[in-house]
Amino acid sequence: MGRRQQPETVGVLDRINNLPDSILSHILSFLPNKEAVRTSVLSTRWKYLFASSISILDFEHCLKNLYEEDVNNFMNFVDTLLFNPRERVHLESFWVNDYFVDDEDDYLPLYGWISTALSRGLKNIGINFINEKVPVLPTLLFTSHSLVTLTLFLHIKDDMKVPTNACLPNLKNLCLTNLAFEDGYSILKLISSCHVLEDLTIYDCCFHSISELNIHNHLLRRLILCFEHVCVRDYDYVMAIDAPSLVYFEYTGIVGKGYTLSNMKSLVKAEISISHFHEVHSERSATQLLQGICNVQSLHLAIEAFNETFFRTRLDPKLVFHNLVELEFHSYYCYRKGVRLVEFLHNVPNLKTLILDLADGEEGLRSLPIPSCLLFHVKEIKISGVDGSKYAFEMISYFLNHAMVLEKLILKMINLLGKDELCILKKLLRLPRNSKKCEVVVH
């Protein structure tokens, strides 16, 4: 059997070798980089064929579990790949880190790779540098006409330098993490140089010596701002956002000095998670933040602090969320949060779906006025953290009594002993409901 298969095998190899280089490169592009490189030993023709098949180079993946001598081989491989005289590699994506770098001189070849890839039409690049002392990034990184995605994750404490000639005309996605800007000019210059920017993410960046952080872009569709690990003293500025095309807005961290959020008429979904409040400006700033997103259709609101600031403004007519149809609310260590939530529901007259948790709640709902959304619009309520407490039964009873068009109430119980859980379950299912269509589902 083996002798009869041998000519057939040889025939298959001949047919593969007769294929043009373009097709062979396309076939190799479906293999992992390491497997594609191994084909270089097949023959002289195959020695550099793999190079044109590699479109993505990810240091995180390639350097995993490598010993020091393997790192040197990897660096030689990247040199061969990018500086091969016979085959000009055109990478689409390049994800680079400095895990193998010992001193500043080691950045020279790394920067050479970045500049070479950029000069050949690189579309996506991610840079993750863990060392605090890093030379100034290559200027070409901020003047590339081919880049579509730029991700910078730096641990440097020095000022982030953006060249005055920065211009990224085709950049659509920009993600900045752990950067420090000594003035507002650099970040303003960087954002304004991205003429078609659609997605902007800023994680834990520090902006020193500025009075206002200005984000102005008419094409921006997604904006994520996270200041969860930024000190209160480093957040002493007003945030001004003008993004009329924005459909998704996420804000996490401290409530700062002030907000000017304008032209958010296209906003569909917003996620606001507050962990700290600026003691001096918190009430006014919270009002400004909510006013800026009042056109939103779906809101996720989480308050992880003992603070009533968000609810002091509940009677302000400017804070009526006419378009809001879905609200997910979470609050921890907030005094009388059930009462505050019901009062806030007066600001969302057209709400259809309400999602909340019952953690750390207190009683006192019976005497509250009934929000119009409960009487006429809310059709689905999802409640997690259900236990056997009086507060849990009071909250659930309140909704069952007043949600006149409710179609489904979904309850997620916390882990209880089998006998107690069965007893609570029976009590829950026996609670009276004023909506004839209401179905109670318990998980």
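Radius of gyration and Dmax for region 343-442's Cα atoms, expressed in Å?
According to the Cα coordinates of region 343-442, Rg and Dmax are 13.1, 41 Å.
Here is the link list: LYS265/LYS408; LYS352/LYS427; LYS265/LYS382; LYS412/LYS437. Which ones come out longer than 23 Å on Cα distance?
LYS265/LYS408; LYS352/LYS427; LYS265/LYS382
Can you tell me the equivalent ellipsoid semi-axes for region 223-265? Use √(5λ) from the Cα gyration tensor, largest first, whole Å. All intermediate terms of the calculation are to be shown ahead of the outcome.
Working: eigenvalues 88, 30, 7 Å².
Its equivalent ellipsoid spans semi-axes of 21, 12, 6 Å.
For LEU225, what charge total do you get from the other residues with a beta carbon under 12 Å from its beta carbon, if Lys and Arg give +1 and Asp and Glu give -1?
Its environment carries a net charge of -3.
Using alpha carbon centroids, what distance separates region 176-203 and region 108-171, in Å?
Region 176-203 and region 108-171 have Cα centres spaced 13 Å from each other.
Let me cross-check LYS133: its accessible surface, 1.4 Å probe, with only protein heavy atoms counted, in Å² to the nearest 10?
Around 150 Å² of this residue is reachable by solvent.
Could you work out how much longer the chain between ILE414 and ASN76 gets when fully extended? Use 0.36 nm per residue separation minus the Cα distance between them, nm to one decimal.
Here the answer is 116.1 nm.
Rounded to a whole number, what % of the accessible area of region 343-442 do carbon and sulfur atoms account for, probe 1.4 Å? Display every interim value, and only then the final one.
Values: 2770 of 5210 Å².
Carbon and sulfur atoms account for 53 percent of the accessible area of region 343-442.
Report, as a whole number in µm² per second, the diffusion coefficient that Stokes-Einstein gives for region 191-277 at 37 °C and 0.692 mPa s using the Kirkwood radius over alpha carbon pairs.
Value of D from the Cα-based Kirkwood radius: 248 µm²/s.
Starting at the first residue of region 430-435, write each ³J(HN,Hα) from the Karplus equation 6.51 cos²θ - 1.76 cosθ + 1.60 with θ = phi - 60°, in whole Hz, x for Gly and Pro.
8, 5, x, 9, 8, 9
So what is the accessible area of region 343-442 per residue, in Å², with the probe set to 1.4 Å?
Value for region 343-442: 52 Å² per residue.
With a 1.4 Å probe and all protein chains in place, put GLU212, GLU326 in order of accessible area, largest first.
The ordering from most to least exposed comes out as GLU212, GLU326.
Between ASP387 and ASN84, what FRET efficiency follows from the Cβ-Cβ distance if R0 is 60 Å, with the result rounded to 0.05?
Efficiency for this residue pair is about 0.40.
Around LYS382, which amide H atoms from residues at least 5 apart in sequence, or from another chain, sit under 5 Å from its own amide H, with H modelled in the peptide plane?
So LYS382 has HN proximity to LEU354, ILE355, LEU356, ILE410.
Over the Cα atoms of region 149-249, each weighted equally, I'd like the Debye log10 I(q)/I(0) at q = 0.11 Å⁻¹, rounded to two decimals.
After summing over all Cα pairs, the log10 values are -0.30.
What residues from region 158-198 fall in the zone where the backbone N is under 13 Å from a label point 7 Å along the Cα-to-C-beta line of THR139?
Hits in region 158-198 for THR139 at 13 Å: 162-167.
Tell me which residues come under 5 Å, amide H to amide H, from SER266 once H is placed; ignore anything under 5 positions away on its chain.
Correct list: LEU246.
Quick one: if you stick a label point 7 Å off each Cα along the C-beta vector at SER119 and GLU132, how many nm between them?
Between SER119 and GLU132, the label points sit 3.4 nm apart.
What figure, in Å² to the nearest 10, do you get for the accessible area of HIS322 with a 1.4 Å probe and non-protein molecules left out?
HIS322 exposes around 110 Å² with every protein chain in place.
The values are calculated or read from the model by the stated rules, or taken from the named source; none is laboratory data. Note that the coordinates shown come from a computational prediction; the quantities given were computed from them, not determined experimentally. No Cβ is skipped: glycine too gets one built from the backbone with ideal geometry, and neighbour counts run over all protein chains shown. Side chains are part of the model used for accessible areas, which takes the heavy atoms of the whole protein and leaves out ligands, DNA and RNA. Shrake-Rupley method; radii C 1.70, N 1.55, O 1.52, S 1.80 Å.
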